[in-house]
Amino acid sequence: MTETAPPRSAKQRKQDTIRRFEEDVDAWVATAGPEGGAPYMMPLSFLWRDGLLYVSTRASNPVARNLVAGGRVHLGIGRTRDVVHVEGVAEALGDGEVDEGLRREFAAKTGFDPAGIEGQRYLYFRIRPVRILAWREVDELAERELMRDGAWLVTD
């Protein structure tokens, strides 16, 4: 039998969640087509900056098409037994909205620079978290909600 760590306080889970946003590189990104279209999920690298998540993917990918059409997104970050779920609203950034600082910061963190890929159009998306849940085991499920309606429920 595997030993598990004791349950964390909500404050500690928030701190761990923000650390995960700062240190982890990849997330499972799930979207659905407009008007009840098929769901689609793929791994994407992300950047956490100023309370927002940024991802980039080919404009032709289903995730990009779904985000442009509807903007709703769900991200899963971490391992199965130490997971962060983010429900958010995404918006595609226009060419003028991706400044050099954002592009460099994204590339430095993720090891991936969409601007360096020739022949394919990549889009950046800014994701505003609306709801965040985090838990490791069943003993953290009762207090897993850390953010609701875009506001942290846990104070620092």
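The values are calculated or read from the model by the stated rules, or taken from the named source; none is laboratory data. Keep in mind the model is a prediction, meaning the values are calculated, not measured. Every residue, glycine among them, receives a Cβ derived from its backbone with ideal geometry; neighbour counts consider all protein chains shown. Protein only, heavy atoms only, side chains kept; ligands, DNA and RNA dropped before computing areas. Shrake-Rupley method; radii C 1.70, N 1.55, O 1.52, S 1.80 Å.
Going through Gly51, Gly76, Gly33 one at a time, which residue ends up being farther than 19 Å from Asp139 by Cα and more than 13 Å from the chain's Cα centre (by Cα)?
On the way: Gly51 fails: more than 13 Å from the chain's Cα centre (by Cα); Gly76 fails: more than 13 Å from the chain's Cα centre (by Cα).
Every option except Gly33 fails the conditions.
Condition check: farther than 14 Å from Ala10 by Cα and of a type outside the set (A, V, I, L, M). Does Arg144 satisfy that?
So Arg144 fails the test.
What are the residue pairs meeting all of these: first residue in segment 81-95, first residue modelled with pLDDT under 95, second residue outside any strand (DSSP E or B), Cβ atoms under 6 Å, and 6 or more apart or on different chains?
Filtered contacts from segment 81-95: Arg81/Arg136; Asp82/Arg136.
Residues of segment 109-156 being modelled with pLDDT under 90, open to solvent by less than 80 Å² (accessible area, probe 1.4 Å) and β-branched (Val, Ile, Thr), which ones?
Residues satisfying the conditions are Ile117, Val154.
Determine if segment 48-60 includes at least one residue that is farther than 21 Å from Asp149 by Cβ and without any contact (Cβ under 8 Å) to a residue 40 or more places away in the chain.
There is no residue in segment 48-60 that is farther than 21 Å from Asp149 by Cβ and without any contact (Cβ under 8 Å) to a residue 40 or more places away in the chain.
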